[in-house]
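Worksheet: the structure to be examined is printed underneath.
None of the figures in this text is laboratory data; all of them are computed from the coordinates on show. Predicted model only: the values in this text are computed from it and were never measured. Using ideal geometry, Cβ is built from the backbone for each residue, glycine included, and neighbour counts are taken over all protein chains shown.
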Amino acid sequence: MSLSLVNGRLASSIDIDSRGLAYGDGLFETVLLSQGRALWLDEHLQRLCHGARRLQIPCDLAAITADCARLLVGFSAGDAILKIVLCRGVVARGYNPLPAETQRIISLLPAPASSRQHWQQGVGLGVCQTKLARQPLLAGIKHLNRLEQVLAAGEMQRRGYIDGLVFDEAGKLIETTRSNVFIATAGRLLTPALDECGVSGIMRQQIMVAAEKLGLLVKEANIEISALYGADEVFICNSVIGIWPVTKIECMHKAAGPLCRRLQREFESHFYA
């Protein structure tokens with residue numbers, strides 16, 4: 001069962017003139033509720049505010065936080081998804097971002113199916129032919145325009161893959177259709193640089209912090225497909241699934257390695273309490 005607040009009021013629909021609907025003019029966050037606890041909610045809200053500053057969309061953090069708390073009252077057990085959407089307010093037709101009341105949509109949604117099998121056994125990935133356009137002004141933030149990801153995910157669905165690796169126009173690895181990527185080579189962790197496109201994921205940030213605390217070398221870098229195939233380990237992550245080892249890329253087989261397993265142990269209680 002879903003439950004939503006639109007600007008603080010219970011609702012099941014939004015204004016047809018919403019700029020989020022018309023232009024993707026907004027941002028969103030997807031927060032896992034694990035056993036009733038909102039996982040890294042503060043970090044998600046910080047990223048939302050950062051993205052809002054980048055897009056020059058007013059962000060009333062106090063109102064958003066209050067809406068989240070209202071939906072979570074009485075939700076003390078079980079798993080679910082808390083989705084937060086922030087749109088530039090409804091204004092007259094046209095691209096110009098004129099001042100208007102910001103639209104906030106907070107929803108409580110059913111939890112996805114358990115991914116423990118993928119956590120333990122890993123997943124196979126395809127390589128997407130769909131490329132990500134480079135746009136530094138939008139790089140890192142989780143804006144509403146996800147058409148590139150929709151096209152790439154559809155491509156992988158038709159080919160029978162659960163997810164796929166996505167590159168930019170210059171051939172640099174960026175992410176999968178819905179997750180960030182890490183590779184391990186000679187005991188060192190690398191993750192794609194996201195200064196020109198891609199989403200800087202909350203789970204990615206948490207892994208980088210944990211890796212440094214564990215004494216692991218971790219670096220953002222430009223990664224091409226040759227480095228990906230030559231890596232000792234590959235794993236993907238986001239704040240809903242946690243960490244999944246990659247055991248196959250197209251016809252290339254991989255193994256769930258020790259660095260991935262070590263990081264999984266750091267976070268397993270967050271996803272499988």
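Note on L3 and E250: their simple-model spin labels are 4.8 nm apart, each label 7 Å out from Cα toward Cβ. Between the listed residues S12, A22, T102, the Cα displaced farthest toward the positive end of the dipole of the stretch 3-110, a dipole computed from Cβ unit charges relative to the Cα centre, is found at A22. Over the stretch 116-271, the Kirkwood radius and the radius of gyration, each from Cα atoms, give a ratio Rg/Rh of 0.93. First select every other residue whose beta carbon is under 13 angstrom from the beta carbon of C49; then total the charges, Lys and Arg +1, Asp and Glu -1. Surrounding charge for C49 is +1.
As a ratio to 2.2 N^0.38 Å, the alpha-carbon radius of gyration for the stretch 176-234 is 1.08. Placing unit charges on each Cβ (+1 for Lys and Arg, -1 for Asp and Glu) gives the chain a dipole about its Cα centre, and among P192, G51, Q157 the Cα reaching farthest toward its positive end belongs to Q157. Distant-in-sequence amide contacts of V123, defined by a placed amide H-H separation under 5 Å and a gap of 5 or more residues or a different chain, comprise V246, T247, K248.
Quick one: putting +1 on the C-beta of Lys and Arg, -1 on the C-beta of Asp and Glu, what dipole do you get for the chain around its Cα centre, in Debye to the nearest 20? Don't jump to the answer; show the numbers that get you there.
Details: 29 positive and 26 negative charges, 49 e Å.
Roughly 240 debye for the chain.
Taking each DSSP H run with n ≥ 4 as -39500 (n - 2.57) and averaging over every residue of the chain yields -9000 deg cm²/dmol at 222 nm. Each residue of the stretch 122-138 was assigned a 3J(HN,Hα) from its phi angle through the Karplus expression (A = 6.51, B = -1.76, C = 1.60, θ = phi - 60°), giving x, 9, x, 10, x, 10, 6, 7, 5, 9, 8, 6, 8, 8, x, 5, 10 Hz with x at Gly and Pro. Residue by residue, the stretch 234-248 carries 3J(HN,Hα) couplings of 9, 9, 10, 7, 7, 7, 9, 8, x, 10, 10, x, 9, 9, 7 Hz when phi is fed to the Karplus relation 6.51 cos²θ - 1.76 cosθ + 1.60 (θ = phi - 60°); x denotes Gly or Pro.
Other residues within the sphere of radius under 13 Å centred on the Cβ of I236, judged by their own Cβ, net out at +1 (K and R +1, D and E -1).
The share of Cα pairs per 10 Å bin across the stretch 131-196, counted from zero up to the longest distance, runs 19, 51, 26, 4 percent.
Simple point charges give the picture: +1 on the Cβ of Lys and Arg, -1 on the Cβ of Asp and Glu, and for the stretch 3-110 a dipole about the Cα centre of about 120 debye.
Near the amide H of R134, within less than 5 Å, lie the amide hydrogens of E169, all on another chain or at least 5 residues away, with H placed in the peptide plane. Projecting label points 7 angstrom from Cα along Cα→Cβ for R70 and L98 puts them 2.8 nm apart. Based on alpha carbons, the Rg and Dmax found for the stretch 3-110 are 13.9, 44 Å. Here the convex hull built on the C-alpha positions of the stretch 25-183 has a volume of 145 cubic angstrom per residue.
Each residue in M203, M252, M208 was given a count of other beta-carbon atoms within 10 angstrom of its own, and listing them fewest first yields M252, M208, M203.
Per the Debye calculation on the chain with a single equal scatterer at every Cα and no solvent contribution, log₁₀ I(q)/I(0) for q = 0.10, 0.14, 0.15, 0.17 Å⁻¹ amounts to -0.53, -1.04, -1.18, -1.43. The spacing between the stretch 71-122 and the stretch 35-57, judged by their C-alpha centroids, is 11 Å.
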